[in-house]
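Quick notes on the structure that follows.
The values are calculated or read from the model by the stated rules, or taken from the named source; none is laboratory data. As the structure is a computational prediction, the values presented were derived from the model and not from experiment. Cβ placement follows ideal geometry from the backbone for every residue including glycine, while neighbour counts extend to all protein chains displayed. The protein model used for the area step is the full one, side chains on, heavy atoms only, and it has no ligands, DNA or RNA in it. Shrake-Rupley method; radii C 1.70, N 1.55, O 1.52, S 1.80 Å.
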Amino acid sequence: MLSFPIAMAAADKEEKRIEKEARKTEKAWREEGWKLFGRQDTLRLALVSHHRKLQRLGESARELFGTAVAANKEQAASLHRRAELNAKALFVKERRSYIVGKAVTELGLSAGGTDDFERFVGETRLNAEGVVKRELTESFAKIRQTEGGKTEIVVYYIFDTSAADPDIQALIRQYKASGKE
């Protein structure tokens, strides 16, 4: 176990690394024309906050982002909503794949079109959509005007994968209890 001064030094070193990486990323993004969207602070502060959240969650943290591009100067709010929907759709697809993998390994279901498998897959869709509503929260968004006059936005999210595991286990328990195993 690390002593308190050593642990503090390690934490300070990690904080400095995060700050340095944030400054470097902010500089590169600014050169590419990116600005922070919907917040009053700076890209650097948004990046630092984002990385702290990732660090706090540890291995259960999952970074996700959605993108949207408009050919004209579409209102930023509607473009932001399109990017949000893009991220959520990607997330649902990814979570369903994960849950289906759990079904195959933990329940021994065959991925080959059986009624039981298809019913379980249908239930995973509802589960994944519910998790999105509860657990997927925006970290920050960046926006820019491209040289071709298009507006581009990227919305970043952080998801705690461990928060969804109880839902997956509940689905598996429910399936087992129904006697379909």
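Observations on the structure shown:
- For the residues 173, 23, 144, a 1.4 Å probe over the protein chains yields an accessible-area ranking, largest first, of 173, 23, 144.
- Our compactness index for region 8-72, the C-alpha radius of gyration over the empirical 2.2 N^0.38 Å, is 1.30.
- Summarising the overall dimensions of region 21-113 from its C-alpha atoms, the Rg and Dmax are 18.1, 52 angstrom.
- Extended-chain gain in nm, criterion 0.36 nm per residue less alpha-carbon gap, residue 45 and residue 134: 29.5 nm
- For the residues 98, 157, a 1.4 Å probe over the protein chains yields an accessible-area ranking, largest first, of 98, 157.
- Cα→Cβ-extended label distance, 7 Å offset, between residue 78 and residue 56, nm: 3.6
- Label point distance in nm, residue 173-residue 89, each placed 7 Å from Cα along Cα→Cβ: 3.5
- Using the empirical formula 2.2 N^0.38 Å as the baseline, the Cα radius of gyration of region 42-90 reaches a ratio of 1.42.
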